Amino acid sequence: MIVKVCGMRHPDNIREVEKTGTDWMGFICYERSPRFVSSAPAYLPVRSKRIGVFVNADYQTITTRARELKLDYLQLHGSESPAFCQRLHTEGYKLIKAFSFRKPSELSRTDEYVSYCDYFLFDTPCHGYGGSGQSFDWDILNGYQGNTPFLLSGGIRPESLEALSSFHHPAWAGIDLNSGFETAPAEKDVTALQDFIQQFRLLTNK
């Protein structure tokens with residue numbers, strides 16, 4: 001299972017979080033986010049893959065930040081069209097497309113993106129674009145019949161282990177951790193992350 005820790009910014013915190021064994025680390029390139037990364041941190045992860053998170057950004061902005069941060073994946077968290085994803089995909093970028101669902105009938109929104117995305121990320125519906133700390137009803141995802149692997153996001157915190165142990169889906173590929181492990185925006189509680197990741201690994205490696 002992939003463990004992604006999102007909303008990173010501070011060099012020392014990035015270095016320590018990388019030591020927890022996180023597979024992916026997310027850097028938010030959305031100016032209205034309290035976790036916005038305005039320029040490349042003095043330290044960027046070497047072992048963990050780098051994910052850039054964008055919300056309705058234009059092509060030039062995305063590709064410029066991808067070069068600056070040497071991103072492994074682009075996570076598109078807004079209302080980006082299938083055609084826009086196709087353009088990035090054709091240019092060789094690996095994509096994660098985020099979706100928020102309120103009811104099972106909305107799952108079909110993923111269909112047009114399948115050919116261009118390596119992963120989906122399913123998050124809580126909210127007024128902003130993620131980072132709300134709110135959980136959503138994962139049972140909705142029982143109706144997802146696609147083959148594109150997905151990450152669970154939205155309000156995962158230390159006490160979410162029991163719920164995660166009860167969740168099963170053949171396309172489930174990992175989890176996205178953010179505000180549930182913060183002491184302040186973009187500052188992660190390394191001890192809490194370390195403990196959670198160890199326990200999550202034990203659960204999912206059974």
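The values are calculated or read from the model by the stated rules, or taken from the named source; none is laboratory data. These numbers were taken from a predicted model, which means no experiment stands behind them. Don't worry about glycine lacking a Cβ; one is built from the backbone with ideal geometry, like all the others, and counts go over all protein chains shown.
Report the residue count in region 30-55 for those that are loosely packed, with under 13 Cβ neighbours inside 10 Å and over 23 Å from Ala184 (Cβ atoms).
2
Exactly one condition in (1) farther than 24 Å from Lys188 by Cα; (2) exposed (fewer than 14 other Cβ atoms within 10 Å of the Cβ) is not met by Leu88; state its number.
The single condition Leu88 does not satisfy is (2).
Hey, could you check region 62-119 for residues that are of a type in the set (A, V, I, L, M, F, W, C) and assigned to a loop (DSSP other than H, G, I, E, B) and say which is farthest from the chain's Cα centre (by Cα)? Break it down into steps so the answer makes sense when it comes.
Within region 62-119, the first condition is being of a type in the set (A, V, I, L, M, F, W, C), and the residues that meet it are 62, 66, 69, 71, 74, 76, 83-85, 88, 95-96, 98-99, 101, 107, 114, 117.
Filter once more, keeping what is assigned to a loop (DSSP other than H, G, I, E, B): 71, 101, 117.
Numbers: Leu71: 13, Phe101: 16, Cys117: 13 Å.
Restricting to residues being of a type in the set (A, V, I, L, M, F, W, C) and assigned to a loop (DSSP other than H, G, I, E, B), the top hit is Phe101.
Among the numbered conditions (1) out of contact with any helix residue (DSSP H, G or I) (no Cβ under 6 Å at 6 or more places or on another chain); (2) in contact (Cβ under 8 Å) with a residue 60 or more places away in the chain; (3) crowded, with 19+ Cβ neighbours inside 10 Å; (4) not hydroxyl-bearing (Ser, Thr, Tyr), tell me where Val3 comes up short.
(1)
What pairs can you find where one residue is in region 67-96 and on the phi < 0 side of the Ramachandran plot and at pLDDT 95 or above, the other is part of a helix (DSSP H, G or I) and among the acidic types (Asp, Glu), and their Cβ atoms are less than 6 Å apart, with a gap of 6+ or different chains?
Between residues of region 67-96 that are on the phi < 0 side of the Ramachandran plot and at pLDDT 95 or above and residues that are part of a helix (DSSP H, G or I) and among the acidic types (Asp, Glu), the close pairs are Pro82/Glu112.
Quick test of your reading of the structure: Met8 fulfils all but one of (1) assigned to a loop (DSSP other than H, G, I, E, B); (2) of a type outside the set (Ser, Thr, Tyr); (3) over 21 Å from Ala171 (Cβ atoms); (4) over 13 Å from the mean Cα position of the chain (by Cα). Name the failing condition by number.
(4)
For region 164-183, name all the residues that are in a helix (DSSP H, G or I) and under 15 Å from Gly26 (Cα atoms). Please lay out each step first, then the result.
Our first condition is that a residue be in a helix (DSSP H, G or I); within region 164-183, this holds for 164-166, 179-181.
The answer is Ser179, Gly180, Phe181.
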